[in-house]
Amino acid sequence: MVGLIVSVASGKGGTGKTSIAVNMAISIGNVQLLDCDVEEPNAHLLLHPEIIGEEPVYTLTPSIDEELCNHCGKCSGFCQYNAIFSTHERILVFPELCHGCGGCILVCPKGAIKEGRRRIGTLKRGYRGDLELVYGELDVGEPMATPMIRYIKRLIDKGRNVILDSPPGISCPVIETVKGSDFCILVTEPTPFGLHDLKIAVQVLEDMAIPFGVVVNRAGIGDRKVYDYCNDRGIPILLEIPYERRIAELYSRGIPFSLEMAEYRGRFRKLFSDVERLAGG
Amino acid sequence: MRRVTVLSGKGGTGKTTLTASFSILAGKAVVADCDVDAPDLHMLLHPEIVETMEFKGSKLAVIDEGRCVRCGLCREKCRFNAITESFKVDRFSCEGCGVCVAVCPVNAVVLNERVSGYAYISRVRCGFMSHAILNPGEANSGKLVTLVRYNARMVAERENINIILIDAPPGIGCPVIASITGVDAGLIVTEPTASGIHDLKRALQLLKHFNVLPLVCVNMYDLNRDNTGKILSFCRDNGVEVAGEIPFNPKVTEAMVRGETIVEYSPKCDAADEIRNIWERISTLLELKK
């Protein structure tokens, strides 16, 4: 079979992306879950997978041979990210600003720059039954999440359904995560903050031409404006999860609530089949 | 001048609720909303914009179809897979590096500046607010955060205000780093959940890495008292001051729906009470009152 790639995103943080991604993954079975929130990965805290592999993740960065460098300044002049600073006597590289484009190597007339690599984090793979979890942990102090997300996404298993748990927000790490998805589930809460950030996320997905639908988490708190907005815009509300203390408590203890509240497993399977239908059409 | 950043690692723990409340309690302050991806502070503070500026944070490659000879060099050399089969630039993938411009044999590619967002300076009831909005899907939120912080500082100096309150985005990556460098203290808002604890530890490491004085507060502490206990003892063992524990109170969401801070909407409720205590501790610590 050819699987579906479904990302789970939200503008606002803490709306329940990871909880939805994990509970859906458990309910549908035989799935690959990629936790792309490399700054604060949390899916493993709910899944408690058996870790079968761990490897360092590197990004490319220039390494300069000072013997060959004639301090012409072409590389620093080229670099759009100010990652190379050069004077007539010295040349300095600021690796944490480097995007790894390789342009400095191309423009160096002396062949003094080679591709070096720099560690940015750790990739982990594990299993819980037939559910495969891949996640990355960005090293603390490391600003660049995007290369790590790209690295995780190279491991997408096209033979299965794949769920991508996105970081919050709408900037580069989110774009990198949702890019190439067949469908995106936007998780929101029915509050003014939830609605405001949902609208921003909707703009991004419409711009990227990725089909999407909404899951309303903590239904019952706040107001009705998220529903009004979705109705007006014809955005499908795929599932509502009421605010229940039991769900919050299970989450706090690191337990996916659908394991203890079996009625939700059917709801998550229905959610996924709706997604399959909407993604196809 | 004193600068305090409210951060969290994990999203949705209550950063904005706290920052907005602090600004009211401070009486006079400059507030900086550094969550430029999904800014929410304006919904509680209702800023009146006095100054708007364009933010040009990155560039975008543009291919002149008339000149392009479809040799494929740009596509081969682009590390970001930003050149499509039909020699168009995918703006969601392009990082504006200029490699395509450098390799094009017929000068068919140029780098254009793109307006990736707007920064604002506004009046709010406690003083001033520096904020911004990143255009959806744009890169370089870290640079925009730096602009928001620069504007906050400029306004504080101009208006002779001695406190800047910074609302950070979630996470620990580039825009968060830009929100915490050089501040006097970082208040981490956490919640007593497995993820909250995990993310708190990473946020503490981040503050340590950048030499920022850490403070912790537990929001909705009564959701799971065992976990709150774990957070408190972890902080004690690591010499981190706990500034307070805020109880769960539905009034906090009610206040948000009304577009008010909790300390104004329901000043006598237990949550508002604890937020005032936390602000007292921060002010004492930073010697804000003289």
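Read-outs throughout are calculated quantities, based only on the coordinates presented, and are distinct from any laboratory measurement. Bear in mind the structure is a predicted one, so any value in this text is a computation, not a measurement. Ideal geometry is used to build each Cβ from the backbone, glycine not excepted, and the neighbour counts take in all protein chains shown.
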Nearest 10 degrees, 0 to 90: helix B:15-26 Cα axis against chain B principal axis: 60 degrees
Translational D in µm²/s for the stretch A:201-281 (Stokes-Einstein at 20 °C, 1.002 mPa s, Kirkwood Rh from C-alpha pairs): 149 µm²/s
Overall form of the stretch B:160-287 per C-alpha gyration tensor (a/c, 1.5; a/b vs b/c): oblate
Protection proxy ranking, peptides A:33-44, A:209-220, B:124-135, average beta carbon neighbours within 10 Å, highest first: A:33-44, B:124-135, A:209-220
Average partner coverage of B:167-179, which counts Cβ from other chains inside 10 Å: 6
Cys with no candidate disulfide partner in chain A (beta-carbon separation under 4.7 Å rule): A:Cys36, A:Cys69, A:Cys72, A:Cys79, A:Cys98, A:Cys108, A:Cys172, A:Cys184, A:Cys230
For chain B, Cys with no neighbouring Cys Cβ under 4.7 Å: B:Cys34, B:Cys68, B:Cys71, B:Cys78, B:Cys94, B:Cys104, B:Cys126, B:Cys174, B:Cys217, B:Cys235, B:Cys269
Rg and Dmax [Cα atoms of the stretch A:1-45; Å; Rg one decimal, Dmax integer]: 11.0, 34
Ellipsoid semi-axes in whole angstrom, largest first, where each is sqrt(5λ) of the Cα gyration tensor of the stretch A:137-220: 23, 17, 12
Proximal charge balance of A:Glu137 [Cβ under 15 Å; K/R count +1, D/E count -1]: -4
GNM result for chain A, Cα springs below 10 Å: residue of A:Glu263, A:Glu50, A:Glu240 fluctuating most strongly: A:Glu263
Span per principal axis, largest first, for the Cα atoms of the protein assembly as shown (Å): 70, 64, 48
Theoretical ellipticity at 222 nm over chain B - DSSP helices of four or more residues, -39500 (n - 2.57) apiece, nearest 500: -11000 deg cm²/dmol
Inter-label distance, nm, simple model (7 Å from Cα along the C-beta direction), B:Glu241/B:Asp90: 5.0 nm
Where only C-alpha atoms are counted, convex hull volume of the stretch A:66-111 per residue in Å³: 66 Å³
Sequence-distant lysines (8 or more away, or on other chains) whose Cα lies within less than 24 Å of B:Lys201: A:Lys12, A:Lys17, A:Lys124, B:Lys10, B:Lys15, B:Lys230
Estimated 222 nm signal from helices in chain A, with DSSP H stretches of n ≥ 4 weighted -39500 (n - 2.57), rounded to 500: -10000 deg cm²/dmol
Contour excess over end-to-end distance, with Cα ends at A:Arg269 and A:Ile255 and 0.36 nm allotted per residue: 3.2 nm
9 Å beta-carbon shell around B:Ile172, net charge (K/R +1, D/E -1): -3
Peptide ranges B:155-167, B:62-74 listed from the most packed, as the mean C-beta count within 10 angstrom indicates: B:155-167, B:62-74
Ranked packing of A:186-193, A:124-131, B:143-150, most packed first, by mean Cβ within 10 Å: A:186-193, B:143-150, A:124-131
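Expressed as a whole percent, how much of the Cα-Cα distance distribution for the stretch B:58-114 exceeds 19 Å?
Everything past 19 Å amounts to 12 percent.
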Alpha-carbon radius of gyration plus Dmax, which is the widest Cα pair, for chain B in Å: 22.0, 71
Cubic angstrom per residue, convex hull over Cα atoms of chain A: 145 Å³
Charge context of A:Val162, other residues only, Cβ under 10 angstrom, K/R +1, D/E -1: 0
Antiparallel content of DSSP bridges confined to the protein assembly as shown, in %, to 5: 45 percent
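For an R0 of 35 angstrom, estimate the FRET efficiency from the Cβ-Cβ distance between B:Phe248 and B:Glu54 and round to the nearest 0.05.
For B:Phe248 and B:Glu54, the calculated efficiency is 0.25.
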